[in-house]
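These notes concern the structure reproduced below.
The values are calculated or read from the model by the stated rules, or taken from the named source; none is laboratory data. None of the values given here were measured: they were computed from a predicted structure. Cβ coordinates were reconstructed from backbone atoms using ideal geometry, including for glycine residues, and neighbour counts include every protein chain displayed. These accessible areas exclude ligands, DNA and RNA; they are computed on the full protein's heavy atoms, side chains included. Shrake-Rupley method; radii C 1.70, N 1.55, O 1.52, S 1.80 Å.
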Amino acid sequence: MVLAAPGGTAAVTAAIAAALTQLYLLIWAGKTVAALAGWLLQTRVGVTLAASYLADLLRSRERLVVFGVTRVRRLVSRVRADLDELTDEDRAQIRQAVQVVRRTRQVGSLGLPRVRQPLPDLRRTRSPDMSKGPFNLT
């Protein structure tokens, strides 16, 4: 729309209409894909495809995690080998950086699902003895 402004009112109007049409088509395409995925997951073939895709995705993620861990281990071994050549100031900076990483690691999430404690059941139970009232609060 900004680029159409020098072209006059007609160009701006056409740009606005094009942007709204594009937005409508993107929303329609998203809803269509969601409906298709929902329908496909109701079939055996769809569930098999989804399970296969998820398994491949998890394998790829595991390979990336292993690669990252291997790379970090190599880096740590190189740092330990060269640690004797550092000055006291460099060592202090490294200690400070390690403390920051450890604090972040304790607070940060690794993207793993967390398991919550089950919530207590706060519903009142019915008393078999109606002389105490319709609800037993004990």
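Results, tabulated for the structure shown:
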item: Pairwise label distance in nanometres, THR32 with LEU122, each label 7 Å out on the Cα-Cβ vector; result: 4.6
item: Semi-axis lengths, Å, segment 14-103, gyration tensor of Cα atoms, sqrt of 5 times eigenvalues; result: 50, 25, 10
item: Residue-normalised accessible area of segment 12-105, expressed per residue, 1.4 Å probe, Å²; result: 91
